[in-house]
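Notes follow once the structure below has been shown.
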Amino acid sequence: MHLLVTSASGANGNGFGALLAFELDGTFCGPFIEDDRIADPRGLAVDPRENLLLLNSGADRVLAISSDGRVVLDTGRIEGLNPGGGVLGRDGRYFVGLRGEHTIVAFSTSLDAALEHVLPPKVVPFPRGFAFGHDGRLFLASGIGPDGQGDNAIVAFSRGTPSQFSRLVADPELSPLDLAIAPNGNIVVSSEHPFGAVDAVTSVREYGPKDGDLVRVFSPKGKAEFRKPRGLRFAPNGVLYCVARNEVVGFDFASGECPGALARLPRLNGQALVFFPY
């Protein structure tokens, strides 16, 4: 098992623009794959049935990568796709956030069928991560875009009503960057508030899925820099990983304590992470 991290590049920061691999002890292994189709990569998910890694490329395409580091499936370039985060749904489809259209679409994991719109275009000002709750609801973080416009909230969509949503979380200290569902069913969100500010307060915030009340705030408490937190993922041992600028930070979800940076790499402009066996 290895930790794989997407590192953005270009206008989004002087990052690597690559998919990077780390040992679980934090040792940097280098790029997992060298392929021109991977540009400014973002969302990641693992299809456990086929042991394939699904990756959203800034080259307006979605790729499936084998455990030996080969692209085995490719949607081809989809004009204007501009993909962000990605989540594998319970129905077996791969759900992708579109940054330009401000919505979510779904692909079959074979990547050979046309994309399907799951939510209407412009459903929120700027999507910043999403996940499916234990009850099947879709939780979507609505944050601030690169242009400084947007809002800071978590909204919930019930199954069968993609055009209607309820505003679940309205936390004045929240500016979401990614969202995940914890093993206990609660919502966890990486936050940088105010977004983009030099002195922004960074945290991971936990909310109840029924009422949206704030449950806990996770902070590194000086054990890590924790600047520009982005992607969230739970490790098999229950530790919550959050990728940030120059590091990957861990939180013990049971106790709330932060052991510090679990991996460090200068110029890591981290966006998403997964655990992938190879």
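Assuming R0 = 22 Å, what is the FRET efficiency of Gln164 and Asp135, from their Cβ-Cβ distance, to the nearest 0.05?
Taking R0 as 22 Å, the efficiency between Gln164 and Asp135 is 0.85.
Please report the relative contact order for the chain, taking Cα pairs under 8 Å with a sequence separation of at least 6, and give it as a percent rounded to a whole number.
15 percent
Within the accessible area of the chain, what % is carbon and sulfur when the probe is 1.4 Å and the other protein chains stay in place?
Here it works out to 50 percent.
Return the whole-Å distance between the Cα centroid of the stretch 79-100 and the Cα centroid of the stretch 39-76.
Their Cα centres are 12 Å away from one another.
When a/c is below 1.5 the answer is rounded, else prolate if a/b is larger than b/c, else oblate, so apply that to the stretch 1-119 with a ≥ b ≥ c taken from the square roots of the Cα gyration tensor eigenvalues.
oblate
Excluding residues on the same chain fewer than 8 positions from Lys223, give the aspartates and glutamates whose Cα lies under 12 Å from its Cα.
Filter leaves Glu247, Glu257.
Once you sort the root eigenvalues of the Cα gyration tensor of the stretch 152-278 as a ≥ b ≥ c, which label holds: rounded (a/c under 1.5), prolate (a/b larger than b/c) or oblate (the other case)?
Taking the square roots of the gyration eigenvalues as a ≥ b ≥ c, the stretch 152-278 is prolate.
State in Å² the accessible area per residue of the stretch 127-184; use a 1.4 Å probe, count heavy atoms of protein chains only, and round to the nearest integer.
44 Å²
Take the Cβ-Cβ distance between Glu225 and Asp147 as r, set R0 to 22 Å, and report the resulting FRET efficiency rounded to the nearest 0.05.
After rounding to 0.05, the efficiency reads 0.25.
For the stretch 64-213, I need the span (max minus min coordinate) of the C-alpha atoms along each principal axis, in Å, sorted largest to smallest.
Extents along the principal axes, in whole Å: 43, 35, 32.
Could you work out the Rg to Rh ratio of the stretch 120-202, with Rh taken as the Kirkwood radius (inverse of the mean 1/r over all Cα pairs)?
So for the stretch 120-202, dividing Rg by the Kirkwood Rh gives 0.97.
Considering only the other residues whose Cβ falls under 14 Å of the Cβ of Pro41, what net charge follows from Lys and Arg at +1 and Asp and Glu at -1?
Summing Lys/Arg as +1 and Asp/Glu as -1 gives -1.
Any idea how far apart Tyr278 and Met1 come out in nm if each label point goes 7 Å out from Cα toward Cβ?
Here the modelled spin labels are 1.7 nm apart.
Would you mind pulling out the separation of the Cα centroids of the stretch 123-179 and the stretch 207-227, in Å?
If you average the Cα positions of each part, the centres end up 17 Å apart.
Per residue, how much accessible area does the stretch 189-278 have with a 1.4 Å probe, in Å²?
Heavy-atom accessible area per residue stands at 43 Å².
Excluding Gly92 itself, calculate the net charge of residues whose Cβ lies under 10 Å from the Cβ of Gly92, where each Lys or Arg counts +1 and each Asp or Glu counts -1.
+1
Would you calculate the separation in nanometres between label points at Arg37 and Ala235, each defined as 7 Å from the Cα along the Cα-to-beta-carbon direction?
The two pseudo-label positions are separated by 3.1 nm.
What nm value, rounded to one decimal, do you get for the distance between Glu79 and Ser110 when each label is placed 7 Å out toward the C-beta?
2.7 nm
What shape does the chain have by the C-alpha gyration tensor, where a ≥ b ≥ c are the square roots of the eigenvalues, rounded means a/c under 1.5, and otherwise prolate means a/b greater than b/c and oblate the rest?
Taking the square roots of the gyration eigenvalues as a ≥ b ≥ c, the chain is rounded.
List the aspartates and glutamates whose alpha-carbon lies under 16 Å from that of Lys122, not counting same-chain residues fewer than 8 positions away?
Lys122 reaches Glu101, Asp147, Asp151.
How much net charge surrounds Gly222 when only the other residues with a Cβ under 14 Å from the Cβ of Gly222 are counted, with Lys and Arg +1 and Asp and Glu -1?
0
Can you give the extra length, in nm with one decimal, that the chain gains between Asp211 and Glu50 once fully stretched, where that is 0.36 nm per residue apart less the Cα-Cα distance?
54.3 nm
The values are calculated or read from the model by the stated rules, or taken from the named source; none is laboratory data. Because the structure is predicted, anything quoted here is derived from the model rather than measured. FYI the Cβ positions are ideal-geometry reconstructions off the backbone, even for glycines, and counts take in every protein chain you see. We work out accessible area using only protein heavy atoms, side chains counted, and drop any ligands, DNA or RNA first. Shrake-Rupley method; radii C 1.70, N 1.55, O 1.52, S 1.80 Å.
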